[in-house]
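Since the structure comes first, as structure tokens, the remarks are kept for the end.
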Number of protein chains: 2
Amino acid sequence: MTSGLSDALARAVDGDRQWDRLMQMAAIGAVEGTGVDRPCLGERDRAARRLLIGWADAAGATVSVDDAANLWLRREGTVPGAAAVLTGSHMDSQPRGGRFDGIWGVIAGLEVMTALQALDLRTPHPIELVAWTNEEGGRFAPGCMGSMAWSGHTPLERFLEVRDAAGISFGAALDEHLALEQDLPRRPLGGVPHGYVEAHIEQGPLLEAGGRRIGVVTGIQGSRWFSVTVIGASAHAGTAPLRLRRDALQDAVRAIVALNELTRDPEDILRFTVGRMTVSPNSLNSVAGQVTFTIDLRHPDAGVLGRIGDAIEATVRGALSGTTARVTELFSAMPVRFAGNVVDAVERAAAAEALSHVRMPSGAFHDAQFAAGVCPSGMVFVPCRDGVSHNVIEFASPADLAAGARVLARTLLSLAGG
Amino acid sequence: MTSGLSDALARAVDGDRQWDRLMQMAAIGAVEGTGVDRPCLGERDRAARRLLIGWADAAGATVSVDDAANLWLRREGTVPGAAAVLTGSHMDSQPRGGRFDGIWGVIAGLEVMTALQALDLRTPHPIELVAWTNEEGGRFAPGCMGSMAWSGHTPLERFLEVRDAAGISFGAALDEHLALEQDLPRRPLGGVPHGYVEAHIEQGPLLEAGGRRIGVVTGIQGSRWFSVTVIGASAHAGTAPLRLRRDALQDAVRAIVALNELTRDPEDILRFTVGRMTVSPNSLNSVAGQVTFTIDLRHPDAGVLGRIGDAIEATVRGALSGTTARVTELFSAMPVRFAGNVVDAVERAAAAEALSHVRMPSGAFHDAQFAAGVCPSGMVFVPCRDGVSHNVIEFASPADLAAGARVLARTLLSLAGG
């Protein structure tokens, strides 16, 4: 890579074109003014995919689709047989989601391809843009099905019987979708790319709070999810003396206080969240007989995540006063550390753009988590206002998105040997 | 009153007949083996009332109904114009209630009347048995509508627009019911009785735990109900650093811990219950944006109830860390102290029966709370197994119920000047 080519490519990245394309995408499934409701493999998802396909020519790319309906735009390289450098993200949204989560990573990759095409610049390695199927998990849970199936993390077959709220299976939705896209060439799942870079809004407040324009993502923190059910005995709120109660809500409070102590982190890196609580019978004048709450624990260090996660059950039990508890681990994903060459390339690109930047782990899941199991991977973050995401008021500025696309362009060019 | 008459009456109380009548009542709306579902003013309530009316002759009583559908069985006295001594309770049940709550107080009063009739014994004061309408509040909230309307505590009109879950108003249900009971003489609401005594299962564990057969009820503790809404901001559980969160669930936990401290009572007389909590958005991987919980605070001392209840709002606010809170008082009922002559009469009756007994306040509401505003009032408690009530497994033994009926008989005879 010469610095001159990289500068030329960055200059060819057109922030206005990118913003215009984002707003065209935002119109597909627009809700509540600035929101988007675009469930995976529905009509709106298909309309968004067709809009993307319509821009392939301008990007000098050919289109194909794989068995998981991941959509691919490929721009050939100059070295025969060289592995492709991938970029991309997803086009589905949360039910009341925003205009940037996922879709910006797709449009930014397209913008880089379009800039390369405008410069008539071919890279030694091919560059492929991928729009992963069902990242959000809003219609079919869990999310990241497309990247999990592609990477071999989980066989596609495992997801086919998952059903949406209307009872439609993922397999049926996939069959219907692929039948409607029969005009597109089919490509096999899998492959060993040369690298993967995903651009995304941060979905958190750190860049904005720190006044940084670019997040150089070093990995994705690990997560462990638990469900805790505290089983006591319901009783009459007026008659039962407190010393004779087995109050499930009070013991849940004691457990949460003890868990706060267990998870205390002066560096504020660990994430501990009790987001869901249900109380039974949930009656004003009845002592709670049963309470269920969830725990979302995250940390970028596998050792910390393992040690603290393993201590949760004993901490809960030690806090109880008269009740019993059932602790179940619902989900576990160990931390991913991104490849040094990709992280360095992102950092160099931000420096070349003279953009303030910081190395940071990602707090949220992304498809890059699964690509990282297959090839050297990384991510580029840009700030989003107040850290808000998964919400119709989600916002990232045109200037920040343009800067992010320039960093992505330089990074892809570097990885593709341009 | 002569001791001989009282002894004779107590001997004439028939525990088997009382139990048999209770089991006949339990068959009307029987659910889940030993449970009862008999909503107020429904068909099953009417069937139970008709069963009671069918026993009026054996009790030497005449039947009437008032504008609130309270059902009255009157046994005349010997002194012209003397005010009646009242006894009774309610016949409606919780949706999945038991066979004893309320209905036993009605059947026990009937048993006393039947024993008087068997002895051909007339008291100077008339004795009236009342089955109050809608004590439970299970179909139309709040409960105790019948006794509140009769006592003048709240005008009947105030309840007419209250609707059940099917959208039927209390007024419409009352009109329909009274139309179906047109054969019964109508009596006016109100009056100034000579006294009121209500027999009831304890609905708490104290008698059983203390090995006592009879509770001499000294009053009904006061209650204050509050709703607390903690307003924070939802955020992504993976990305939002803890120091930047405004976590409504964590602040609700802090508030409850502070309220536990405020309400701590080494004597274990105060009742503090958080029975209901709802979390929004109640999502595993989202920080809670809003939490609402309720407070049920009870104490027999008006001063304590006033002081602690008044400190709740400041205690909640003082515990918050970044959120705001809205504290609303939903309901307030000051403590009731029962009349010394009635309490003494119950205690003497228990002593005459050589039953272990204890003076105690009632933790639960009862219709006696409203009768107490009109005339000298009191209650007789018997133990219920494990203190369980408002539950299909609610149980009181035939022997305890027979003992309770004998205490009621002696008390009523004493008050009625027999």
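Coordinate-derived values only; no laboratory data. What you see is a predicted model, and the numbers here were worked out from it, not measured in a lab. Reconstructed Cβ throughout: ideal geometry from the backbone, glycine too, with neighbour counts over all protein chains shown.
Using alpha carbon centroids, what distance separates segment A:113-161 and segment B:38-56, in Å?
First find each Cα centre; the distance between them is then 68 Å.
Got a sec to turn the phi values of segment A:61-66 into Karplus ³J(HN,Hα) couplings, 6.51 cos²θ - 1.76 cosθ + 1.60 with θ = phi - 60°, whole Hz, x for Gly and Pro?
The phi angles translate into 10, 9, 10, 8, 9, 9 Hz.
Quick one: grab the alpha carbon gyration tensor of segment A:95-209, order the square roots of its eigenvalues as a ≥ b ≥ c, and give me rounded if a/c is under 1.5, else prolate or oblate depending on whether a/b is larger than b/c. Before the final figure, lay out the partial values.
Numbers: a/c = 1.93, a/b = 1.29, b/c = 1.50.
Oblate is the answer for segment A:95-209, as a/c is 1.5 or above yet b/c matches or exceeds a/b.
No solvent, one uniform scatterer per C-alpha: report log10 I(q)/I(0) for segment B:222-333 via the Debye equation at q = 0.20 1/Å, two decimals.
Listed by q, the Debye log ratios stand at -0.97.
If one takes the longest principal axis of the Cα atoms in chain A, at what angle in degrees, from 0 to 90 and to the nearest 10, does the Cα axis of helix A:103-119 lie?
In chain A, helix A:103-119 runs at an angle near 10 degrees to the longest axis.
Taking Cα pairs under 8 Å and at least six residues apart, what relative contact order does chain A come out at, in percent?
Details: 983 pairs, mean separation 101.0, N = 418.
Result for chain A is 24 percent.
Which whole-number percent of Cα pairs in segment A:172-254 have a distance greater than 21 Å? Can you show the working numbers first?
Working: 2402 of 3403 pairs.
That fraction is 71 percent.
Compute the long axis of helix A:3-12 from its Cα atoms, compare it with the longest principal axis of the Cα atoms of chain A, and write down the angle in degrees, 0 to 90, nearest 10.
Taking Cα atoms only, the helix is inclined about 80 degrees.
For segment B:1-123, taking Cα atoms only, what is the radius of gyration to one decimal and the Dmax to the nearest whole Å?
15.3, 49
Per-residue mean of other chain beta-carbon atoms within 10 angstrom of the beta-carbon, peptide B:240-251?
Values: counts 9, 12, 10, 1, 7, 3, 0, 3, 0, 7, 6, 0.
For peptide B:240-251, the averaged partner shielding equals 5.
For segment B:191-199, in order, what is each residue's ³J(HN,Hα) by Karplus, 6.51 cos²θ - 1.76 cosθ + 1.60 with θ = phi - 60°, in whole Hz (x at glycine and Pro)?
Values, residue by residue: x, 10, x, 7, x, 9, 10, 10, 9 Hz.
Starting from 0.36 nm per residue, how many nanometres of slack lie between B:SER227 and B:SER397 once their C-alpha separation is accounted for?
Between B:SER227 and B:SER397, full extension yields an extra 57.4 nm.
Report the relative contact order of segment A:222-333, percent, no decimals, based on alpha-carbon pairs under 8 angstrom and at least 6 residues apart.
47
Output the peptides B:325-331, A:108-114, B:336-342 sorted from most to least packed, where packing is the average of other Cβ atoms within 10 Å over each peptide's residues.
Details: B:325-331: 14.1, A:108-114: 28.0, B:336-342: 18.1.
By packing density, highest mean first, the sequence is A:108-114, B:336-342, B:325-331.
On the Cα set of segment A:278-418, report Rg and Dmax in Å, please.
21.6, 71
Among DSSP bridges having both ends in the protein assembly as shown, what percentage is antiparallel? Round to the nearest 5. Please list the in-between numbers first.
Details: 94 of 138 bridges.
Antiparallel bridges make up about 70 percent of those DSSP assigns within the protein assembly as shown.
Using packing as a proxy for protection, rank B:385-394, B:228-237 so that the peptide with the highest average count of other Cβ atoms within 10 Å comes first. Mind showing how you got there, number by number?
Working: B:385-394: 20.1, B:228-237: 23.1.
Descending mean neighbour count gives B:228-237, B:385-394.
When the Karplus curve 6.51 cos²θ - 1.76 cosθ + 1.60 is applied with θ = phi - 60°, which whole-Hz ³J(HN,Hα) does each residue of segment B:43-60 get, with x for Gly and Pro?
Using θ = phi - 60°, the values come out as 4, 5, 4, 4, 4, 5, 4, 5, 4, 4, 4, x, 9, 5, 4, 4, 9, x Hz.
Check which residues have an amide H placed less than 5 Å from A:GLY88's amide H, if you skip close sequence neighbours.
Residues meeting the amide H criterion: A:VAL130, A:VAL197, A:ALA199.
Could you give the distance between the Cα centres of segment B:191-237 and segment B:315-344, to the whole Å?
Segment B:191-237 and segment B:315-344 have Cα centres spaced 12 Å from each other.
On average, how many beta carbons from a partner chain sit within 10 Å of the beta carbon of a residue in A:253-259?
Details: counts 9, 4, 1, 7, 5, 0, 0.
Neighbouring Cβ atoms belonging to other protein chains average 4 per residue here.
So what is the 222 nm mean residue ellipticity for chain A from helices alone, if each DSSP H run of at least 4 adds -39500 (n - 2.57) and you divide by all residues, rounding to the nearest 500 deg cm²/dmol?
Working: 12 runs with 142 residues, N = 418.
Theoretical 222 nm ellipticity from helices: -10500 deg cm²/dmol.
Highest mean first, how do B:311-319, B:80-88 rank when packing is the count of other Cβ atoms within 10 Å averaged over residues? Working shown, then result.
On the way: B:311-319: 17.1, B:80-88: 20.4.
Top of the packing list down: B:80-88, B:311-319.
From the label point of B:THR324, set 7 Å along Cα to the beta carbon, how far off in nm is each other copy's matching point, shortest first?
Inter-copy label distances (nm, one decimal, shortest first): 4.5.
To test your reading of the geometry: what angle, between 0 and 90 degrees and rounded to tens, separates the Cα axis of helix A:15-26 from the longest principal axis of chain A?
It is inclined by approximately 50 degrees.
Please report the equivalent ellipsoid semi-axes of the protein assembly as shown, computed as sqrt(5 x eigenvalue) of the Cα gyration tensor, largest first, in whole Å.
Values: eigenvalues 1075, 133, 87 Å².
Values for the protein assembly as shown, descending: 73, 26, 21 Å.
Hey, what's the Cα Rg ratio for chain A versus the globular rule of thumb, 2.2 N^0.38 Å?
Chain A yields a ratio of 1.08.
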